[in-house]
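Asks: This structure is in structure tokens; I'll ask about it shortly.
The values are calculated or read from the model by the stated rules, or taken from the named source; none is laboratory data. Remember, it's a predicted structure, so these values are computed and weren't measured experimentally. Backbone-built Cβ (ideal geometry, glycine too); neighbour counts: all protein chains shown.
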Amino acid sequence: MRIVLVGPPGAGKGTQAAFLAKNLAIPHISTGDLFRANISQQTELGKLAKSYMDKGELVPDEVTIAMAKDRMEQPDAENGFLLDGFPRNVSQAEALDEMLNTEGMKLDAVLDLEVPEDEVVKRIAGRRICRNDSAHVFHVSYKAPKQEGVCDVCGGELYQRDDDSEETVRTRLEVYHTQTEPIIDYYMAQGLVVTIPALGKVEEVTARSMEALAREDA
Ligand code: AMP
């Protein structure tokens, strides 16, 4: 299956994507993770991306689309993928459609994770992520690790993303409303959107998403 996950920052896209990708045996492709990997490897792309990410703005389409395309062309993505954080505006959505059309492929579903805005802010402010694996996500009050600053899963160091500061979160939400939300209408017109209420336990949201995908696949 070829799936796109949409939702505001803090909706739980990364967490859900990791579980869904595992259940569906397809790779989880996160453009945010790809940029962060470039930043830690200090590549030119990483340096460029960081200057936008630190402000909460989108990295320019040209480099983002090229990076996403390159990842989707890897052999493990041949039979499907779950995109998390891409596309993030209508131009990227159009580029993705064009890319898939050229190969005679299409998207199967777009899952729109819905969370109230005040909840999003609370989630992001307390979010702590493992340096070893961005799918190991904790929260200082909702899901505190057993030992402060240490990942329960692998013992890695937990950190707060630079762009999870309150000021940057405000910009990221604004960017989400103005630039990313329009892709929901774009995909609605293609009949691909399934809205998933994303409040509640992680496993409940995963179950809702899996049920929705089973219906789409039927
Ligand atoms: P995320 O991990 O998905 O929250 O992304 C973190 C940051 O990476 C975003 O705030 C953007 O600065 C950048 N980014 C990730 N994906 C994209 C994209 N598809 N287009 C442009 N910028 C992106």
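Asks: Working only within the range 151-176, note down all residues that are at pLDDT 95 or above and surrounded by 15 or more Cβ atoms within 10 Å (Cβ to Cβ).
Replies: Scanning the range 151-176 gives 151, 152, 156, 158, 175, 176.
Asks: Given the criterion hydroxyl-bearing (Ser, Thr, Tyr), under 19 Å from residue 7 (Cβ atoms) and in contact with a Pro (Cβ under 8 Å, 6 or more places away or on another chain), identify the matching residue among 142, 187, 176.
Replies: 176
Asks: Right, another one. Please determine whether any residue of the range 183-200 is without any contact (Cβ under 8 Å) to a residue 24 or more places away in the chain and in a helix (DSSP H, G or I).
Replies: yes
Asks: Given the conditions (1) under 14 Å from residue 5 (Cβ atoms); (2) more than 9 Å from the ligand (Cβ to nearest atom); (3) in a helix (DSSP H, G or I), report the number of the one that residue 97 does not fulfil.
Replies: Unmet for residue 97, out of (1) under 14 Å from residue 5 (Cβ atoms); (2) more than 9 Å from the ligand (Cβ to nearest atom); (3) in a helix (DSSP H, G or I): (1).
Asks: Let me ask something else about it. May I ask you to verify whether residue 77 is over 21 Å from residue 184 (Cα atoms), among the small types (Gly, Ala, Ser) and within 18 Å of the chain's Cα centre (by Cα)?
Replies: So residue 77 fits the description; yes.
Asks: Let me ask something else about it. Does the range 21-35 contain any residue that is surrounded by fewer than 19 Cβ atoms within 10 Å (Cβ to Cβ), within 11 Å of the ligand (Cβ to nearest atom) and in contact (Cβ under 8 Å) with a residue 40 or more places away in the chain?
Replies: Yes, some residue in the range 21-35 is surrounded by fewer than 19 Cβ atoms within 10 Å (Cβ to Cβ), within 11 Å of the ligand (Cβ to nearest atom) and in contact (Cβ under 8 Å) with a residue 40 or more places away in the chain.
Asks: Is there any pair with a first residue in the range 157-180 that is in contact (Cβ under 8 Å) with a residue 24 or more places away in the chain and a second that is more than 9 Å from the ligand (Cβ to nearest atom) and β-branched (Val, Ile, Thr) whose Cβ atoms are under 6 Å apart and which are 6 or more apart or on different chains, and what are they?
Replies: Matching pairs, first to second residue: 164/124; 169/124.
Here is a yes/no grid of residues against (1) more than 19 Å from residue 119 (Cβ to Cβ); (2) not hydroxyl-bearing (Ser, Thr, Tyr):
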position: 153; (1), (2): yes, yes
position: 162; (1), (2): yes, yes
position: 169; (1), (2): no, yes
position: 179; (1), (2): yes, yes
position: 203; (1), (2): no, yes
position: 206; (1), (2): no, no
position: 216; (1), (2): yes, yes
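Asks: Here are some residues: 148, 204, 216. Which one is surrounded by fewer than 15 Cβ atoms within 10 Å (Cβ to Cβ) and assigned to a helix (DSSP H, G or I)?
Replies: 204
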